[in-house]
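Novice: Handing you a structure now.
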Amino acid sequence: MQDELERVARLRKAIEDANKQYYELNQPHITDAEFDALLRELLALEANHPDWVTPDSPTQRVGGEVTKEYAKVRHLEPLLSLDNAFAASDLREFDRRVRQVVPVLDYVVELKIDGLTVALTYEEGFMVGGATRGDGAVGEDITANVKTVGSIPLRLNEVVAKLSVRGEAYMPKASFARLNQEREEEGQPPFANPRNAAAGSLRQLNSQITAQRKLEYFAYQVLAANELGLHKQTEVLAYLQQQGFFVNPEYKVFSDIEAVIDYCAGMAAERHRFPYDIDGLVIKVNEFDLQQELGFTAKSPRWAIAYKFPAEQVETVVEDIIIRVGRTGVLTPTAVLKAVPIAGSTVSRATLHNLDNIREKDIRIGDYVLLQKAGDVIPEVVRVLPEKRTGKERLFEMPDTCPECQSPVRQDEGEVAYRCQSSTCPAQQREGIIHFVSRDAMAIDGLGPAVIQQLLDAGLIKDAADLYALTFDDLTPIERMGKKSAENLLKAIEDSKQRGLAPLIFALGIRHTGEKSGKTLAQTFGSMDELLSATMEELQAISDVGPTMAESLVQFFSLESTRCFLAKLREAGVSMKAEKSSKPQIFAGKSIVVTGSLERWERREIENLIGEYGGKAASTVSKKTAFVVAGEKAGSKLEKAQGLGIAVLTEEEFEQLIQ
């Protein structure tokens, strides 16, 4: 027994040492297989002796807990956003404002990690909670997922009664590349950037998925630091490191704003040398008593600012302009570029949006152009370099026929878009299926564009309704579709049948009808049958439905192809009814506006409550508004309501109505 207990202690130390080498020092000294073997042995020993399990054991990082929904967590102090600076002049103006109040000071400059804020809570030295930033006042409880992040200590190096820490969770570039490779192999769409991947990973309902994503964390703030005898930001960073947190070492202290500006310029040139993405630097007044003297605005501290790196621009050549056909038949011109490295990646394509944009910028095939990656993500042709023209450049013209199906192309009056006129265009069908299975629509995980294309090529599906007839034997021959992936995909397809009416309406891809409109229509009509029979007059009687949307809906539902498609969905067992609220419909027919900063609810929560009780959450105040729910710092909407004599309720008064 004693031998086993000593072995547990040695295993825990070996695993923690391995984590330190892997996460903090970036110098792993054992292989993944050796690490897994140590962890498996520790899991087995703790399984045999459950009373030996401690909150800080490395086994408590292993994902597996499935959360049905995220509880709300009110932050001890608001997580405020920072004002942004984009140029040296912005930093000088910030310095001028600061020194009007505090003439002598030091600035701490830290890297701005491109991730997401996570607040951690420790009690008696143990980590007991993790939450997202949310709206700044209220976040979501993601404790189970946070525990899987290896660089977050489960136990502090010292026993502290209560400690609240803030930091940035992020996905290293290597983890991001590996994740996207795996997603592509599974036929899932890749994430656009590491930040989106990190955010999606931390909001997984199954913490085992989070554990597989290899996230990391840099701590940078302690709440109530003065109570711990900490009086400067540099002292906080040292304290966090002392307690076992990973602190980004790339921070500097300057007493002069010109030195800060020089450092920012130098770091902009070096930004890609780090194993993680940074999108700028954060400049803070170092001394906390001076921070207190400078104070806050409604949204931001006056003692800090975020310097955002300028979007990078490079020169390249437009080798060709090709057409992509979207789900609504829109032809989108795309520039085929001479491949060029920019913002840490190689770019060879950039959307040109539409013909008007091409004409306005005078982009021609063969042109030298200036390419920019705004936000390090989306490549954009900023402008042409006409001085480099040779006379061999060619004007681009939109085709008369669709490049996918050779059907006629037409530009509708009043629109910049050109559209393929065929409802059976294979590109539209493919893009329509991609939209149908997307997260806000029918949410069928595992059905990425590559898998959908293979299903179409194999003749297994012709439209989205055919997905519900797929079998295990249909899927396993698909390239890179293993047994487990096929089983998961079939389950996701089956689960999507119960998504409800609102997501289904959005999934149909009706022109001028978005996700919010789908919810309004589902709430108003209650079933697909009722919506199918709705007239123009009935549709336009709904405040969110204008003439254009009403006409589009009537036209769409009058098509024989639409009715056949819906019949196939109905036969497959797809739900076509809105969930009936169990709440009394006390707000039926009423339009209610919510404005200002709320304390009891997030904005979406209170708007959902309004819907559950039969009302409609509107965004503008009008004579038809039943009443306004106003929080702190309510502005023009409150003034307009008062001017119109519309009742204004506090959150407490609204809560009394629904009790």
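Novice: Restricting attention to segment 604-623, and to residues there that are closer than 21 Å to residue 522 by Cβ and basic (Lys, Arg), which single residue is nearest to the chain's Cα centre (by Cα)? Quick ask: steps written out before the conclusion?
Specialist: Taking segment 604-623 and keeping what is closer than 21 Å to residue 522 by Cβ, we get 604-619.
Among the residues that remain, those that are also basic (Lys, Arg) are: 604, 616.
Numbers: 604: 16, 616: 26 Å.
My answer is 604.
Novice: OK, next. Evaluate the following for residue 517: is it touching a helix residue (DSSP H, G or I) at 6+ places or on another chain (Cβ under 8 Å), closer than 23 Å to residue 576 by Cα, in contact (Cβ under 8 Å) with a residue 40 or more places away in the chain and polar (S, T, N, Q)?
Specialist: No, not satisfied.
Novice: Applying the selection to segment 101-142, what residues are over 17 Å from the mean Cα position of the chain (by Cα) and of a type in the set (Gly, Ala, Ser)?
Specialist: 119, 125, 129, 130, 137
Novice: Could you check residue 441 against (1) within 26 Å of residue 499 (Cα to Cα); (2) touching a residue at least 40 places away in the same chain (Cβ under 8 Å); (3) surrounded by fewer than 20 Cβ atoms within 10 Å (Cβ to Cβ) and say which number it fails?
Specialist: (3)
Novice: Of the residues that make up segment 256-273, is at least one in contact with a Cys (Cβ under 8 Å, 6 or more places away or on another chain) and crowded, with 19+ Cβ neighbours inside 10 Å?
Specialist: no
Novice: Still on this structure, please answer the following. Looking for whichever is under 30 Å from residue 492 (Cα atoms) and either at pLDDT below 90 or over 32 Å from the mean Cα position of the chain (by Cα) (or both) here; the options are 411, 406, 428. Which one fits?
Specialist: When all the criteria are applied, what remains is 428.
Novice: Just give me the residues in segment 554-579 being of a type in the set (Val, Ile, Thr) and exposed (fewer than 14 other Cβ atoms within 10 Å of the Cβ), in sequence order.
Specialist: Within segment 554-579, none qualify.
Rundown of residues vs (1) assigned to a helix (DSSP H, G or I); (2) in contact (Cβ under 8 Å) with a residue 12 or more places away in the chain, yes/no style:
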| position | (1), (2) |
| --- | --- |
| 608 | yes, no |
| 611 | yes, yes |
| 617 | no, yes |
| 621 | no, yes |
| 628 | no, yes |
| 639 | yes, no |
| 655 | yes, yes |
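Novice: Hey, another quick one. Could you look through segment 31-46, keep only residues that are out of contact with any Ser or Thr (no Cβ under 8 Å at 6 or more places or on another chain) and either modelled with pLDDT of 75 or more or not assigned by TED's automatic domain parsing to the domain that holds residue 7 (or both), and pick out the one that is nearest to residue 124 (Cα to Cα)? First the steps, then the outcome.
Specialist: So in segment 31-46, the residues out of contact with any Ser or Thr (no Cβ under 8 Å at 6 or more places or on another chain) come out as 31-38, 40-41, 44-45.
Now drop any that are not either modelled with pLDDT of 75 or more or not assigned by TED's automatic domain parsing to the domain that holds residue 7 (or both), which leaves 38, 41, 44-45.
Values: 38: 28, 41: 28, 44: 28, 45: 26 Å.
Ranking the qualifying residues of segment 31-46, first place goes to 45.
Novice: Take residue 383 and tell me if it is in a strand (DSSP E or B), in contact (Cβ under 8 Å) with a residue 40 or more places away in the chain and of a type in the set (D, E, K, R).
Specialist: Details: in a strand (DSSP E or B): yes; in contact (Cβ under 8 Å) with a residue 40 or more places away in the chain: no; of a type in the set (D, E, K, R): yes.
Spelling it out, it is not the case that residue 383 is in a strand (DSSP E or B), in contact (Cβ under 8 Å) with a residue 40 or more places away in the chain and of a type in the set (D, E, K, R).
Novice: Out of all the residues in segment 464-473, which are surrounded by 15 or more Cβ atoms within 10 Å (Cβ to Cβ) and in a helix (DSSP H, G or I)?
Specialist: 464, 465, 466, 467, 468
Novice: Quick one: is residue 149 surrounded by 15 or more Cβ atoms within 10 Å (Cβ to Cβ), within 28 Å of residue 10 (Cβ to Cβ), touching an Asp or Glu at 6+ places or on another chain (Cβ under 8 Å) and not small (Gly, Ala, Ser)? Give the derivation first.
Specialist: Values: surrounded by 15 or more Cβ atoms within 10 Å (Cβ to Cβ): yes; within 28 Å of residue 10 (Cβ to Cβ): yes; touching an Asp or Glu at 6+ places or on another chain (Cβ under 8 Å): yes; not small (Gly, Ala, Ser): yes.
Yes.
Novice: Also, I was wondering about something else. Just checking, how many residues over segment 528-582 are within 33 Å of the chain's Cα centre (by Cα) and in a loop (DSSP other than H, G, I, E, B)?
Specialist: 14
Novice: Looking at segment 474-527, which of its residues are touching a strand residue (DSSP E or B) at 6+ places or on another chain (Cβ under 9 Å), surrounded by fewer than 21 Cβ atoms within 10 Å (Cβ to Cβ) and either at pLDDT 85 or above or assigned to a loop (DSSP other than H, G, I, E, B) (or both)?
Specialist: 500, 526, 527
Novice: Moving on to the next point. Please give the helices (runs of 4 or more DSSP H) falling wholly within segment 207-317 in which 2 or more residues are under 30 Å from residue 154 (Cα atoms) and modelled with pLDDT of 95 or more.
Specialist: Because the criterion is at least 2 residues that are under 30 Å from residue 154 (Cα atoms) and modelled with pLDDT of 95 or more, the helices (runs of 4 or more DSSP H) in segment 207-317 that meet it are 233-242.
Novice: Which of the residues that make up segment 488-512 are of a type in the set (Gly, Ala, Ser) and closer than 17 Å to residue 555 by Cβ?
Specialist: The answer is 509, and nothing else.
Novice: Take the conditions over 21 Å from residue 522 (Cβ atoms), crowded, with 19+ Cβ neighbours inside 10 Å, under 32 Å from the mean Cα position of the chain (by Cα) and modelled with pLDDT of 80 or more and apply them to residue 654. Does it pass?
Specialist: In short, yes.
Novice: Which of the residues belonging to segment 325-371 are among the aliphatic types (A, V, I, L, M) and either outside the structural domain of residue 385 (by TED's automatic domain parsing) or free of Cβ contacts under 8 Å to residues at least 24 places away in the same chain (or both)?
Specialist: Matches in segment 325-371: 336, 339.
The values are calculated or read from the model by the stated rules, or taken from the named source; none is laboratory data. Worth saying up front: this structure is predicted, and the values here are computed from it rather than measured. Virtual Cβ from ideal backbone geometry, glycine too; neighbours counted across all protein chains shown.
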